[in-house]
Amino acid sequence: MTTATHVTDHAHDHHDHPSGIMRWVTATNHKDIGTLYLWFAFIMFLSGGVMALCIRLELFQPGLQYFRPELFNQFTTLHGLVMVFGAIMPAFTGLANWMLPLMLGAPDMAFARMNNWSFWLLPPAAALLMISFVVPGGAAAAGWTLYAPLATQMGVGMDLTIFAIHIMGISSIMGAINIIVTILNMRAPGMTLMKMPMFAWTSLITAYLLIAVMPVLAGAVTMVLTDRHFGTNFFNAAGGGDPVLYQHIFWFFGHPEVYIMALPAFGVVSQVIPTFSRKPLFGYHSMVYATASIAILSFMVWAHHMFAVGMPVTAQLFFMYATALIAVPTGVKVFNWIATMWKGAMTFETPMLFAIGFVCLFTMGGFSGVVLSIAAVDIQLQDTYYVVAHFHYVLVAGALFSLFAAVYYWLPKWTGHMYPEGRGKVHFWWSMIAFNVTFFPMHFLGLAGMPRRIPDYATQFTEFNTMATVGAFAFGIAQVYFLFFVLLPTIKGGQKAPQRPWEGGQTLEWEVPSPAPFHTWEEPPARELVDKLSAEQKLH
Amino acid sequence: MSSSQTGYFVPQPSKWPLVGAVALFFIGLGAAFAVNQHSLGYWSIAVGAAILLYMLFGWFGDVIGESEGGRYGANVDLSFRWGMGWFIFSEVMFFGAFFGALFYLRAVSVPELGDMIHKMLWPDFNPVWPTAVAPNGTEPYSAMGPIGLPLINTILLLTSGLTLTVAHWGLVNNNRGQLKLFLLLTVALGFTFLGLQAYEYHHGWTEMNLTLASGVYGATFYLMTGFHGLHVMIGAIMLTVVLLRSVKGHFKPDHHFAFEAAAWYWHFVDVVWLILFVFVYWL
C-alpha cells in the first residue's frame with residue numbers, strides 16, 4: 001500500500017469510530033482493545049512493582065523498619081495477584097488481540113463486542129483489589145495462593161479478593177474463547193493450522209488452558225467464600241473437610257496457570273528469534289507438539305507444589321517424575337531456538353536481546369524447577385527464597401522479558417515509529433543486570449534456609465538481602481526509564497518506521513503499512529501471498 | 001461494517017460491554033460487603049443487578065436484531081458454534097471442581113478422619129458416607145435419598161431433553177406449531193423441576209436438619225445441586241427467550257443458532273444432573 005492511500009485510509013478512519021474517550025470505552029476494534037489491554041497491564045505492572053519495592057525495602061536489613069508484618073503480608077499477596085492476573089495475563093491477551101488478526105489475515109477478532117467486555121471487566125476487578133487495602137482488616141494477606149484456613153479467616157478484604165478473582169476469571173474465559181474461535185475460524189485462505197505463526201499456536205493452547213482451569217479457580221474461591229460465610233466445611237476438618245483439599249483444587253488451576261504465563265512467551269520468542277537470525281524457525285512441528293505436550297502434562301503435576309503437606313510415597317514419585325518429564329518438551333523448545341540461531345545471519349536489536357536474555361534466564365529458571373521437582377529436595381526448599389528465585393526467573397526473565405521483546409518487535413508496527421535503538425539496549429542491559437542482582441542471591445538465601453513471606457530474617461542473611469533490594473530498585477528505575485525514555489517518545493514521534501522494519505520478518509503483519517491502519521485484512525490476504533510466506537518459513 | 005469478501009460481521013462500537021463491566025463492579029463490591037452483613041452491600045448488588053439486566057436486554061436485543069436483519073453469514077454462525085461449545089466446556093470444568101472436591105472428600109478426608117490418629121480427637125465420629133453427623137457435630141441430620149423427588153426430577157429433566165428434540169424437529173421441518181408446543185412443554189418441565197427442588201430444599205432444611213453446615217455432606221449436597229439448579233434456571237430462561245422469539249416468528253429451518261445454543265446448554269445441564277443423581281443422591 002502506498003503512502004498516499006494510507007493517508008486517505010487514515011482520514012477515512014476518523015469517520016468510522018467515535019473519538020476521544022468514547023473510542024476506547026465502546027471499542028470493537030481489536031487494535032484499540034489490544035492497546036487498552038497493554039496499557040492496563042503496564043499500569044498494573046508498575047503498581048505490582050511498587051508493592052514489590054515495598055517488600056524489598058522492608059527486607060533491606062534485618063528487623064522491622066517500615067511496615068507492620070500484617071501490611072507486609074498484604075503486599076506479598078497483592079503483589080502476586082496483581083502481577084499474575086493484572087500484568088502478565090492481560091499483557092499476553094493484549095498482544096494476542098493486536099497481533100492475531102494481523103498475523104492470521106482476519107478482519108478482527110471473532111467476537112468484537114465481547115472482546116471489549118473482556119477488557120473492561122479488568123479495571124473493576126483491579127479496583128476491588130485496590131479498595132481492599134483500605135477496608136477494615138486490610139487486603140487479603142494469605143499469599144496469592146489464598147490457602148485455607150488462612151483464607152477462611154481475615155476480613156472484608158478477602159471477600160473483595162474473591163469477587164475480584166471471579167470477575168477476572170470471567171474476563172479471562174471470554175478472552176480465551178475469543179482467541180480460540182478467532183484462530184480456528186478466521187484464518188486466511190491457505191493458512192492451515194500447521195502454517196500458522198508459532199505465536200498463534202501458543203495463544204491457541206494457552207486459551208485452551210485458560211478455559212480449562214479458570215473455572216476450577218472460581219470453584220475453589222467459591223468454596224472459600226461459603227466456608228467463610230455460609231457455614232460449609234469444605235476446608236475444615238472438624239466438619240469432615242480438609243484444608244489440603246483447597247491446595248489440590250487450587251494447584252489443579254495453579255500449575256496450568258504457570259504455563260498460561262509461559263506458553264505465549266514461547267510464542268513471542270519463536271517469532272523474534274527467526275526474524276533476527278534470518279532463518280526459518282527450526283523444528284516448527286516439534287515446537288507445536290512440544291507446546292501441546294507441555295499443556296497436557298501441566299494437568300498432571302499439580303501436587304509437586306504440595307510435597308511438604310504429606311502424601312503417599314507413590315503419589316510423590318508420580319508427581320516428581322511427571323514434573324521432571326516437562327523438562328523434555330521444554331528442552332525441545334530451547335534447543336530449537338538455539339538451532340534457529342545456529343549459523344544464522346544474526347543481528348542484535350533490542351527485541352533479539354530480550355529474546356536471547358529470555359532463553360538464557362528462562363532456562364536457568366527451568367533448571368531450578370527441575371531441582372525443585374525432586375521431592376526429597378523440595379521438602380527442604382519448600383517456601384524458601386529458592387522458590388522465589390525460581391519462579392521469578394521464569395516469570396520476570398521469562399514472561400516479562402518476552403513481553404518486552406514483543407513490545408520492541410512490534411512497536412514500529414503499532415506506532416509507525418522506530419524506538420530509539422540505543423535506549424532500548426540500555427533498557428535491556430540495565431534490566432538484565434538488575435534482574436540478576438535482585439534474584440540470583442535469592443538462590444543462596446533459599447539454600448541457606450531463609451523462608452519466604454516473612455518480613456524479618458536472621459542477621460546472616462543480611463548481605464544477600466541488601467544486594468537483592470539494591471537490584472530491585474535498579475530494576476524498577478529501569479522500567480520507569482523504559483516508560484519515559486523509550487515508550488512515550490516512540491509513541492509521540494521519532495524516526496518513521498518502514499512497513500518492514502525487520503527484513504527477516506516473514507509473517508503477515510509485515511504485509512500491512514506501519515502504523516497498521518485502523519482496519520486491516522478487510523479483504524483476506526491473497527492465497528499466493530500466504531503460500532509465499534509459508535514457503536519462506538519452510539512450512540508445508 | 002462487514003468486510004465485503006468474507007462477509008464476516010464486525011459490529012459497530014457498542015456501549016454494552018462498559019455497561020456490563022459497571023454492573024459486575026457493583027455486584028462484586030456489593031457482594032463482598034453483603035456477605036459481611038453491611039446493608040449498603042445489598043443496595044450495591046441491587047444496583048448492579050439492575051444495570052446487568054439493562055445490559056442483557058440491550059446487548060441480546062442488538063444481537064437478535066442483527067441476526068434477524070441477516071447480518072450474520074455462515075462464518076459468523078460457525079464462530080457462535082465454536083464459542084458456545086467452548087463456553088459449555090468452561091462450565092464442565094466448573095462442575096469438575098466440585099465433583100473433584102466431592103470425590104476427594106469421600107475417598108480421602110472423611111475416611112482419614114476416622115483413622116486411629118483422629119480417634120484421639122473425635123472418638124465418636126463414624127467415617128461412612130453419607131455422614132450422619134460431622135466430627136464435631138452434635139446435631140444429627142439425614143441424607144437425601146435418591147428415591148422420591150430426586151427420581152421424579154430425573155424423569156422430568158430427561159423428558160424435557162426429549163421434548164426439546166421434538167421441538168427442534170418441528171423447527172427444522174418448518175412445523176411451527178410443533179416447535180412452539182414442545183418448547184413450551186420443555187420450559188414447563190424445567191420450571192417444574194426447579195419448583196420441586198425448592199420444595200426438596202425446604203423439606204431438607206426444616207425437617208431433616210440438613211443445612212449447609214451439616215458436615216461436608218450438607219456442603220457438597222447444597223452447593224452441587226444448588227449450582228446445578230442455578231444452571232437449570234439459566235437454561236430455562238434461555239429457552240423461554242427462544243420460545244418468545246419462536247412465537248414472534250424468529251428462526252428459520254436452516255438458521256436458528258440461538259435455539260441450538262440453548263438446546264446444547266439444556267442437554268449439558270441434563271448430563272450434569274445424571275452424574276449428580278448417581279454420585280450425590282444414589283451412591
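Scanning the stretch B:212-226 for residues that are at the interface with chain A (Cβ under 7 Å from one of its Cβ atoms) and either open to solvent by 10 Å² or more (accessible area, probe 1.4 Å) or assigned to a loop (DSSP other than H, G, I, E, B) (or both) returns B:L212, B:A213, B:L223.
Taken as a whole, the condition of being of a type outside the set (S, T, Y) and open to solvent by 20 Å² or more (accessible area, probe 1.4 Å) does not apply to A:G267.
Taking first residues from the stretch A:116-131 that are facing chain B (nearest Cβ under 8 Å) and partners that are among the β-branched types (V, I, T) and open to solvent by 20 Å² or more (accessible area, probe 1.4 Å), the Cβ contacts under 7 Å between residues at least 6 apart in sequence or on separate chains come to A:L121/A:I170. Can you find a residue in the stretch A:452-461 that is farther than 30 Å from A:F75 by Cβ, part of a loop (DSSP other than H, G, I, E, B) and open to solvent by 40 Å² or more (accessible area, probe 1.4 Å)? No, that holds for no residue. Residues considered: A:A164, A:A188. Of these, the only one that is closer than 23 Å to A:H30 by Cα and in contact with a Gly (Cβ under 8 Å, 6 or more places away or on another chain) is A:A188. Just checking, how many residues over the stretch B:5-57 are farther than 30 Å from A:H519 by Cβ, more than 10 Å from every other protein chain (Cβ to nearest Cβ) and aliphatic (A, V, I, L, M)? Of the residues in the stretch B:5-57, 9 are farther than 30 Å from A:H519 by Cβ, more than 10 Å from every other protein chain (Cβ to nearest Cβ) and aliphatic (A, V, I, L, M).
Every residue, every condition in (1) open to solvent by less than 60 Å² (accessible area, probe 1.4 Å); (2) in contact (Cβ under 8 Å) with a residue 40 or more places away in the chain, yes or no:
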position: A:H285; (1), (2): no, yes
position: A:S293; (1), (2): yes, no
position: A:I296; (1), (2): no, no
position: A:F299; (1), (2): yes, yes
position: A:F307; (1), (2): yes, yes
position: A:V313; (1), (2): no, no
position: A:M320; (1), (2): yes, yes
position: A:V328; (1), (2): no, no
position: A:W337; (1), (2): yes, yes
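Residues being touching a helix residue (DSSP H, G or I) at 6+ places or on another chain (Cβ under 7 Å), open to solvent by 10 Å² or more (accessible area, probe 1.4 Å), at pLDDT 95 or above and closer than 27 Å to B:M55 by Cβ are represented in the stretch A:152-159 by at least one member. For the criterion of being open to solvent by less than 40 Å² (accessible area, probe 1.4 Å), outside the structural domain of B:A219 (by TED's automatic domain parsing) and under 26 Å from the mean Cα position of the chain (by Cα), B:V47 fails. Pairs are defined by a Cβ separation below 7 Å, a sequence spacing of at least 6 or placement on different chains, a first member in the stretch A:215-244 that is more than 7 Å from chain B (Cβ to nearest Cβ) and within 18 Å of B:G137 (Cβ to Cβ), and a second member that is open to solvent by 30 Å² or more (accessible area, probe 1.4 Å) and assigned to a helix (DSSP H, G or I); the pairs so defined are A:F235/A:P243. Only one entry in B:L151, B:L171, B:L183 is open to solvent by 30 Å² or more (accessible area, probe 1.4 Å) and farther than 28 Å from A:D227 by Cβ, namely B:L151.
Consider the stretch B:82-135 and keep the residues that are open to solvent by 60 Å² or more (accessible area, probe 1.4 Å) and under 30 Å from A:D108 (Cα atoms). The one that is farthest from the other protein chains (Cβ to nearest Cβ) is B:V92. Being over 27 Å from B:V272 (Cα atoms), in the same structural domain as B:V278 (by TED's automatic domain parsing) and free of Cβ contacts under 8 Å to residues at least 12 places away in the same chain, is that true of even one residue in the stretch B:147-165? No, the stretch B:147-165 has no match at all.
In the stretch B:60-78, the residues that are within 22 Å of A:I180 (Cβ to Cβ) and assigned by TED's automatic domain parsing to the domain that holds B:E260 form Cβ pairs under 6 Å with partners that are assigned to a helix (DSSP H, G or I) and of a type outside the set (V, I, T), at six or more places apart or across chains, as follows: B:D77/B:F257; B:L78/A:N185.
Check every one of the helices (runs of 4 or more DSSP H) wholly within the stretch A:366-422 and list those with 3 or more residues that are surrounded by fewer than 24 Cβ atoms within 10 Å (Cβ to Cβ) and free of Cβ contacts under 8 Å to residues at least 40 places away in the same chain. Qualifying helices (runs of 4 or more DSSP H): A:375-381. Against the numbered list (1) out of contact with any Gly (no Cβ under 9 Å at 6 or more places or on another chain); (2) open to solvent by 60 Å² or more (accessible area, probe 1.4 Å), A:A27 comes up short only at (2).
Suppose the filter is modelled with pLDDT of 95 or more and within 14 Å of chain B (Cβ to nearest Cβ); does A:G254 pass it? Yes; evaluated as a whole, the condition is true for this residue. Considering the stretch A:173-214 alone, what residues qualify as being touching a helix residue (DSSP H, G or I) at 6+ places or on another chain (Cβ under 6 Å), more than 9 Å from chain B (Cβ to nearest Cβ) and free of Cβ contacts under 8 Å to residues at least 40 places away in the same chain? Once the filter is applied, which keeps residues that are touching a helix residue (DSSP H, G or I) at 6+ places or on another chain (Cβ under 6 Å), more than 9 Å from chain B (Cβ to nearest Cβ) and free of Cβ contacts under 8 Å to residues at least 40 places away in the same chain, the stretch A:173-214 yields only A:L204.
Pairing each residue of the stretch A:440-468 that is more than 22 Å from A:V377 (Cα to Cα) with any residue that is acidic (D, E) and modelled with pLDDT of 95 or more, provided the two are 6+ apart or on different chains, yields C-beta distances under 8 Å for A:P455/A:E58.
Please tell me if B:A258 is in contact with a helix residue (DSSP H, G or I) (Cβ under 7 Å, 6 or more places away or on another chain) and either open to solvent by 10 Å² or more (accessible area, probe 1.4 Å) or modelled with pLDDT under 95 (or both). Yes; evaluated as a whole, the condition is true for this residue.
Report, by residue number, each residue of the stretch A:187-210 that is open to solvent by 10 Å² or more (accessible area, probe 1.4 Å) and not in a helix (DSSP H, G or I). Once the filter is applied, which keeps residues that are open to solvent by 10 Å² or more (accessible area, probe 1.4 Å) and not in a helix (DSSP H, G or I), the stretch A:187-210 yields A:R187, A:P189, A:G190, A:M191, A:T192. So which residues in the stretch B:136-148 are more than 11 Å from B:M208 (Cβ to Cβ) and either more than 14 Å from chain A (Cβ to nearest Cβ) or among the hydroxyl-bearing types (S, T, Y) (or both)? If the condition is that a residue be more than 11 Å from B:M208 (Cβ to Cβ) and either more than 14 Å from chain A (Cβ to nearest Cβ) or among the hydroxyl-bearing types (S, T, Y) (or both), then B:T138, B:P146, B:I147, B:G148 are the ones that fit.
The values are calculated or read from the model by the stated rules, or taken from the named source; none is laboratory data. Note that the structure is predicted; figures quoted are calculated from it, not measured. Neighbour counts are summed over all protein chains in view; Cβ atoms, including those assigned to glycine, are modelled from backbone coordinates with ideal geometry. Heads up: the accessible areas ignore ligands, DNA and RNA and are worked out on the full protein's heavy atoms, side chains in. Shrake-Rupley method; radii C 1.70, N 1.55, O 1.52, S 1.80 Å.
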